[in-house]
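In what follows, a structure is listed as structure tokens, so that the remarks can point back to it.
Throughout, read-outs are computed from the coordinates displayed, never taken from laboratory work. If you're wondering where the values come from, they're calculated on a predicted model, not measured in any experiment. Virtual Cβ from ideal backbone geometry, glycine too; neighbours counted across all protein chains shown.
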Amino acid sequence: QSVLTQPPSASGTPGQRVTISCSGSSSNIGSNSVYWYQQLPGTAPKLLIYRNDQRPSGVPDRFSGSKSGTSASLAISGLRSEDEADYYCAGWDGSLSSVVFGGGTKLTVL
Amino acid sequence: EVQLVESGGGLVQPGGSLRLSCAASGFSLSSYWIHWVRQAPGKGLVWVSRINSDESRTTYADSVKGRFTISRDNAKNTVYLRMNSLRAEDTAVYYCARVGGTGNFGFDYWGQGTLVTVSS
């Protein structure tokens, strides 16, 4: 059972916009920044979003992050086949004194 | 080119020990926090431990506290994870990751991972 809750799966067709949610609590998302990672099959994770809504250089602007209260979302617009991957939210939990990850969402591009 | 390369994984019996290494190239490890994150086969990411730039601060997940020790040798540009009293549930790919200028938990570079299998 992960501290941050994500839907196990999501899907969309090429060109569509999809969102992935991440639900937490006051001790993690509610008081700290949210990060998003993309993990393509058989590879190490890659940082997509930091500090809730910031994109590292090289990450397309099709990817965007937002946070409200104790929840966060990752939006992917103009969906492409290469976006098929697992997506994880993460952040610091002050009560646990630990970095926490969501359980991951497997995105399928139909 | 910035790179992190893990090594030291392998098959170990329950109760045994291993030391993982995370060697950096293309940058000076001494300026960065380094974290270890693991992923059991077919499962999600789980944070394990972190160490600050001068080794004065270390933090562990409850599941490994008292069994794992993180350390670093900045002269060798390497971070280590000593794992003792290993259990079957420690079986996973272990990644090391760097915290760049992307927030306190924005891991901007990751290694390729090293597989640890705990089994008799």
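For segment A:34-42, state whether one or more residues are more than 11 Å from the chain's Cα centre (by Cα) and either over 27 Å from residue B:112 (Cβ atoms) or crowded, with 21+ Cβ neighbours inside 10 Å (or both).
Step one: filter segment A:34-42 for residues more than 11 Å from the chain's Cα centre (by Cα), giving A:40-42.
Add one more test, that the residue is either over 27 Å from residue B:112 (Cβ atoms) or crowded, with 21+ Cβ neighbours inside 10 Å (or both), and what stays is none.
Checked segment A:34-42: no residue is more than 11 Å from the chain's Cα centre (by Cα) and either over 27 Å from residue B:112 (Cβ atoms) or crowded, with 21+ Cβ neighbours inside 10 Å (or both).
Within segment B:79-120, take every residue that is among the aliphatic types (A, V, I, L, M) and closer than 18 Å to residue B:26 by Cβ and give me the one that is surrounded by the fewest Cβ atoms within 10 Å (Cβ to Cβ). Can you show your working first?
Pass one, segment B:79-120, residues among the aliphatic types (A, V, I, L, M): B:79, B:81, B:83, B:86, B:88, B:92-93, B:97, B:99, B:115-116, B:118.
Still in the running and closer than 18 Å to residue B:26 by Cβ: B:79, B:97, B:99.
Numbers: B:79: 29, B:97: 26, B:99: 20.
Across segment B:79-120, the extreme among qualifying residues is B:99.
Counting only residues that are more than 13 Å from chain A (Cβ to nearest Cβ) and touching a Ser or Thr at 6+ places or on another chain (Cβ under 8 Å), which one in segment B:21-50 is surrounded by the most Cβ atoms within 10 Å (Cβ to Cβ)? Spell out how you get there, then give the answer.
From segment B:21-50, those more than 13 Å from chain A (Cβ to nearest Cβ) are B:21, B:23-32; that's our starting set.
When the remaining residues are screened for being touching a Ser or Thr at 6+ places or on another chain (Cβ under 8 Å), the result is B:21, B:23-24, B:29-32.
Working: B:21: 18, B:23: 17, B:24: 24, B:29: 21, B:30: 14, B:31: 11, B:32: 21.
Checking each candidate, the answer is B:24.
Filter segment B:53-84 for residues that are away from every other protein chain (no Cβ under 14 Å) and of a type in the set (Val, Ile, Thr) and give the result.
First, pick out the residues of segment B:53-84 that are away from every other protein chain (no Cβ under 14 Å): B:53-56, B:66-67, B:69, B:71-84.
Matches in segment B:53-84: B:69, B:78, B:79.
Starting from residues that are assigned to a strand (DSSP E or B) and within 18 Å of residue B:72 (Cβ to Cβ), keep the ones in segment B:109-120 and report whichever is nearest to the other protein chains (Cβ to nearest Cβ).
Pass one, segment B:109-120, residues assigned to a strand (DSSP E or B): B:109-110, B:114-118.
Filter again for within 18 Å of residue B:72 (Cβ to Cβ), leaving B:109-110, B:114.
Values: B:109: 9, B:110: 4, B:114: 11 Å.
Restricting to residues being assigned to a strand (DSSP E or B) and within 18 Å of residue B:72 (Cβ to Cβ), the top hit is B:110.
Please count how many residues of segment A:85-96 are surrounded by fewer than 16 Cβ atoms within 10 Å (Cβ to Cβ) and not polar (S, T, N, Q).
Within segment A:85-96, the subset surrounded by fewer than 16 Cβ atoms within 10 Å (Cβ to Cβ) is A:94-96.
After this cut, where a residue has to be not polar (S, T, N, Q) as well, the list is A:94, A:96.
Looking only at that region, the number is 2.
I'd like to check something: does segment A:70-79 contain any residue that is surrounded by 18 or more Cβ atoms within 10 Å (Cβ to Cβ) and under 16 Å from residue A:44 (Cα atoms)?
No: segment A:70-79 contains no residue that is surrounded by 18 or more Cβ atoms within 10 Å (Cβ to Cβ) and under 16 Å from residue A:44 (Cα atoms).
Please note which strands (runs of 3 or more DSSP E) are completely contained in segment A:11-110 and include at least 1 residues that are hydroxyl-bearing (Ser, Thr, Tyr) and more than 13 Å from every other protein chain (Cβ to nearest Cβ).
On the way: elements: A:18-23, A:34-39, A:46-49, A:63-68, A:71-76, A:85-93, A:98-101, A:105-109.
Where strands (runs of 3 or more DSSP E) fall fully within segment A:11-110 and carry at least 1 residues being hydroxyl-bearing (Ser, Thr, Tyr) and more than 13 Å from every other protein chain (Cβ to nearest Cβ), they are A:18-23, A:63-68, A:71-76, A:105-109.
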